[in-house]
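Heads up, the thing below is written out as structure tokens.
The values are calculated or read from the model by the stated rules, or taken from the named source; none is laboratory data. Keep in mind that this is a model prediction, so the values were computed, not measured. Cβ atoms come from the backbone with ideal geometry, glycine included; neighbour counts cover every protein chain shown.
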Amino acid sequence: MTETAVVAAAVRTPLGRRRGVLAGVRPDELLALTLRELVARAGIEPALIEDVVAGCVNAVGEQGRNIARVAALAAGLPESVAGMTLNRMCGSGQQAVHAAAHAVLSGQQDAVIAGGVESMSRVPMGADAMGVEPPESVTARYELIGQGVAADRIARRWGIGRSELDAFAVRSHARADAAWRSGRYDDETMAIPTDPTAALLGRADPGPGARIVDEGIRPDSTPAALAALAPAFGPDGLHHAGNSSQLTDGAAAVLVCAESVAAATGLRPLGRIRATAVVGVDPTLMLHGVIPVTHRILARAGLTLDDIDLFEVNEAFASVPLAWQRDTGVADDRLNVNGGAIALGHPTGCSGARILTTLLHELRRRGGRYGLQVMCTGGGMATATLVEAAPAETSGGATDG
């Protein structure tokens, strides 16, 4: 019998601005806190977990040494729980979920935690490459440009002007602010203890947990304020700090297990993973892979755009979801309904798992069935995950904590 991969629980930290409220927390301990919270909310026996798969883009320094295994040990999970860190650039946390789902679907593992982490305060972007350029065998073939330049090129190719990019950014902040004010982010987020090390070691009085709101949200953002910002990627550029994703710190984790295991152990899934997909695209344009990967995964699942209740397209830059929307024709009321990375931030290794956590919780809140998450990544790739929400009477997971 073919096994089904379900998400039994999902949780994330609030996201902190670079050098903000989470800057003092080591990323390995931030992920460890998230793993511990996930296990507690799911109510699973830790010994049933076989592996922790974590996305992390800059796997050096405090994010090195296979941070997935380090975090599992720091969280106090059984020594039998293995760990693996992977890097698919901005889609790393999403790819971690794919790896976990593939292991379950193939029958090789029964319960895997997938997630991701990035502390962009403590481990700067590009730290993993240490200034080393790609080899001539690549640079001779491709004009390798920065992602911001690629985002500007996408805007021009799809006919998206500066005012439309800025309006989208304002909407992202407004939707994220409304989500927090209405409590829509409460179930998926966790508190951060004052002393994370003390909390992980079980020492007395680690300090009260701080319920932090995603720190990057600017509810007072306006088109006029964004119009005053200088382009960031050239004098004639279209993107700037206000309509691009923010550098942030954060971690997220989801429990992926076989549906039979969930049933046998009393876990109540949030949903199941229906399909996954990846594509590669022209690395000189780089960020437009969200379009072909959408069509690929829908064809694989035998569904159409009309079948999907909610879409999450990572807001790496405003032109990415807007170009995707130009191609698909999806209405605003089904796209990034609680804001995205322009407002919340984009801790690169974490974001894929964070977005899935948000998508599953919002699907359940609305009583929707299908959700589709797509992300562009550096180097000219894109990732996609199609989930089907569990019926309301069987869903549980992170809201039980």
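Brief remarks follow.
- Taking the range 241-253 as the range and being in contact with a Gly (Cβ under 9 Å, 6 or more places away or on another chain) and of a type outside the set (Gly, Ala, Ser) as the test, the residues that pass are Gln246, Leu247, Thr248, Asp249.
- For the range 280-308, filtered to residues that are closer than 14 Å to Ala384 by Cβ and among the charged types (D, E, K, R), the residue that is nearest to the chain's Cα centre (by Cα) is Arg296.
- Selection over the range 2-34 of residues that are farther than 24 Å from Gly216 by Cβ and part of a helix (DSSP H, G or I) gives a count of 0.
- Scanning the range 82-140 for residues that are within 17 Å of Thr276 (Cα to Cα) and of a type in the set (Gly, Ala, Ser) returns Gly91, Ser92, Gly93, Ala96, Ala99, Ala100, Ala101, Ala103, Ser106, Gly107, Ala114, Gly115.
- All told, Val132 meets the bar of being outside the structural domain of Thr248 (by TED's automatic domain parsing), of a type outside the set (Phe, Trp, Tyr) and free of Cβ contacts under 8 Å to residues at least 40 places away in the same chain.
- Of the helices (runs of 4 or more DSSP H) lying entirely inside the range 57-169, those carrying at least 1 residues that are closer than 29 Å to Leu238 by Cα are 92-105, 136-139, 147-157.
- Answer residue from the range 373-401, given it is modelled with pLDDT of 95 or more and either closer than 18 Å to Val11 by Cα or among the hydroxyl-bearing types (Ser, Thr, Tyr) (or both) and is nearest to the chain's Cα centre (by Cα) among those: Gln373
- Condition check for Ile212: modelled with pLDDT under 90, closer than 22 Å to Ala353 by Cβ and assigned to a loop (DSSP other than H, G, I, E, B): yes
- Tally, over the range 282-320, of residues that are out of contact with any Cys (no Cβ under 8 Å at 6 or more places or on another chain) and over 16 Å from Val149 (Cα atoms): 23
- Number of the exception - Trp324 against (1) at pLDDT 95 or above; (2) more than 19 Å from the chain's Cα centre (by Cα): (2)
- For the range 325-364, a residue qualifies if it is assigned to a helix (DSSP H, G or I) and surrounded by fewer than 24 Cβ atoms within 10 Å (Cβ to Cβ), and the qualifying residues are Gln325, Arg326, Asp327, Thr328, Asp332, Asp333, Arg334, Glu362, Leu363, Arg364.
- Condition met for Pro219 (over 19 Å from Thr357 (Cα atoms), assigned to a loop (DSSP other than H, G, I, E, B) and in contact (Cβ under 8 Å) with a residue 40 or more places away in the chain): yes
- Residues satisfying the stated conditions in the range 253-280, i.e. assigned to a strand (DSSP E or B) and not β-branched (Val, Ile, Thr): Ala253, Leu255, Cys257, Ala258, Gly271, Arg272, Arg274, Ala275, Ala277, Gly280
- Residues within the range 281-296 that are part of a loop (DSSP other than H, G, I, E, B), on the phi < 0 side of the Ramachandran plot and of a type outside the set (Asp, Glu), tallied: 4
- Here Leu226 clears all of (1) farther than 25 Å from Gly345 by Cα; (2) assigned to a helix (DSSP H, G or I); (3) among the aliphatic types (A, V, I, L, M) except the condition numbered (1).
- Contacts under 9 angstrom Cβ, first residue in the range 70-91 being hydrophobic (A, V, I, L, M, F, W, C), partner part of a strand (DSSP E or B) and surrounded by fewer than 19 Cβ atoms within 10 Å (Cβ to Cβ), 6 or more apart: Ala72/Ala82
- Flag for His240 being under 21 Å from the mean Cα position of the chain (by Cα) and in contact (Cβ under 8 Å) with a residue 12 or more places away in the chain: no
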